[in-house]
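Novice: The structure is given below, and queries will be raised subsequently.
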Amino acid sequence: MGFFSKDIKTLDDLFVHTLRDIYYAEKQIEKALPKMIDKATNPQLKAGLEKHLGQTKGHIARVENVFELHGVKAKTVNCPAIDGILEEADEVSGDIDDKDVLDAALIASAQAVEHYEITRYGTLIAWAKQLGRTDCANVLANNIKEEQATDRKLTEIAEAKVNLQAAE
């Protein structure tokens, strides 16, 4: 079912489709984070990515909870957007020899992922509220708070040290 599929007729259909999109995205991120952790050299960055891997497992569990609350099967739909973001992250980080520049690239890639997730969760929360599903919105709100906190932490790491070292 594509985003502009004939199978999407109602806001509820769109909500479920987008929930399946973020479910796929979270599962792909869970697979990609260990590679990013292995490549990171800055201790704060490595620790932050490790923490976020644990949070991602929690995000997956919460999304599964929302499927259950909403009475639909937990399954994924392909998400070319997250596939592209993760593919680009892998390509860029594979071409960099300077460890400081590599860490800067990893932060930029991780933030691209976070921004995608933040937009998806924001949309899902708005739609859940519109559909009268504050129970679903409240569960998803926990995910967006963690995504936003991760984005802020990545910015702090970049601005405090990594970008400065990469520029030397």
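Novice: Give me the residue from segment 56-82 that is surrounded by fewer than 18 Cβ atoms within 10 Å (Cβ to Cβ) and either of a type in the set (S, T, N, Q) or in contact with a Ser or Thr (Cβ under 8 Å, 6 or more places away or on another chain) (or both) and, out of that set, nearest to Gln148 (Cα to Cα).
Specialist: Asn65
This table checks each residue for (1) hydrophobic (A, V, I, L, M, F, W, C); (2) crowded, with 22+ Cβ neighbours inside 10 Å.
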| position | (1), (2) |
| --- | --- |
| Ile125 | yes, no |
| Ala128 | yes, yes |
| Arg133 | no, no |
| Ala141 | yes, no |
| Ala149 | yes, no |
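Novice: Still on this structure, I have one more. I need every pair where a residue in segment 152-168 that is on the phi < 0 side of the Ramachandran plot and part of a helix (DSSP H, G or I) has its Cβ under 9 Å from the Cβ of a residue that is open to solvent by 70 Å² or more (accessible area, probe 1.4 Å) and of a type in the set (Asp, Glu), sequence separation at least 6 or different chains.
Specialist: Within 9 Å, the pairs are Ala166/Asp98.
Novice: If you don't mind, another one. Take the residues in segment 36-55 that are surrounded by 16 or more Cβ atoms within 10 Å (Cβ to Cβ) and charged (D, E, K, R), then tell me which one is modelled with the highest pLDDT.
Specialist: Within segment 36-55, the match that is modelled with the highest pLDDT is Lys46.
Novice: Another one. Confirm whether Glu156 is among the charged types (D, E, K, R), surrounded by 20 or more Cβ atoms within 10 Å (Cβ to Cβ), modelled with pLDDT of 95 or more and closer than 19 Å to His52 by Cβ.
Specialist: no
Novice: If you scan segment 9-68, which residues turn out to be of a type in the set (Gly, Ala, Ser) and free of Cβ contacts under 8 Å to residues at least 12 places away in the same chain?
Specialist: Passing the criteria: Ala47, Gly54, Ala61.
Novice: Hey, Lys129 hits all of (1) more than 18 Å from the chain's Cα centre (by Cα); (2) modelled with pLDDT under 95 but one; which does it fall short on?
Specialist: Evaluating Lys129 over (1) more than 18 Å from the chain's Cα centre (by Cα); (2) modelled with pLDDT under 95 leaves (2) as the failure.
Novice: For Gly122, only one of the following conditions fails: (1) without any contact (Cβ under 8 Å) to a residue 12 or more places away in the chain; (2) of a type in the set (Gly, Ala, Ser); (3) assigned to a helix (DSSP H, G or I). What is its number?
Specialist: With (1) without any contact (Cβ under 8 Å) to a residue 12 or more places away in the chain; (2) of a type in the set (Gly, Ala, Ser); (3) assigned to a helix (DSSP H, G or I) applied to Gly122, the lone miss is (1).
Novice: A follow-up question, please. In this structure, is Leu106 open to solvent by 30 Å² or more (accessible area, probe 1.4 Å), in contact with a Lys or Arg (Cβ under 9 Å, 6 or more places away or on another chain), at pLDDT 95 or above and hydrophobic (A, V, I, L, M, F, W, C)?
Specialist: It is false that Leu106 is open to solvent by 30 Å² or more (accessible area, probe 1.4 Å), in contact with a Lys or Arg (Cβ under 9 Å, 6 or more places away or on another chain), at pLDDT 95 or above and hydrophobic (A, V, I, L, M, F, W, C).
Novice: Please work out if Lys57 is of a type in the set (Lys, Arg), closer than 26 Å to Arg20 by Cα and in a helix (DSSP H, G or I).
Specialist: When the stated conditions are applied, Lys57 passes them.
Novice: Additional query: What pairs come up if the first residue lies in segment 126-151 and is part of a helix (DSSP H, G or I), the second is crowded, with 21+ Cβ neighbours inside 10 Å and among the small types (Gly, Ala, Ser), and their beta carbons are under 6 Å apart, counting only those six or more places apart or on different chains?
Specialist: Cys136/Ala128; Ala137/Ala128
Novice: Which numbered condition in (1) under 29 Å from Ala160 (Cα atoms); (2) under 11 Å from the mean Cα position of the chain (by Cα) is the only one that Tyr24 fails?
Specialist: So the condition that Tyr24 fails would be (1).
The values are calculated or read from the model by the stated rules, or taken from the named source; none is laboratory data. This structure is a prediction, so every number in the text was calculated from the model and none was measured. Don't worry about glycine lacking a Cβ; one is built from the backbone with ideal geometry, like all the others, and counts go over all protein chains shown. Protein only, heavy atoms only, side chains kept; ligands, DNA and RNA dropped before computing areas. Shrake-Rupley method; radii C 1.70, N 1.55, O 1.52, S 1.80 Å.
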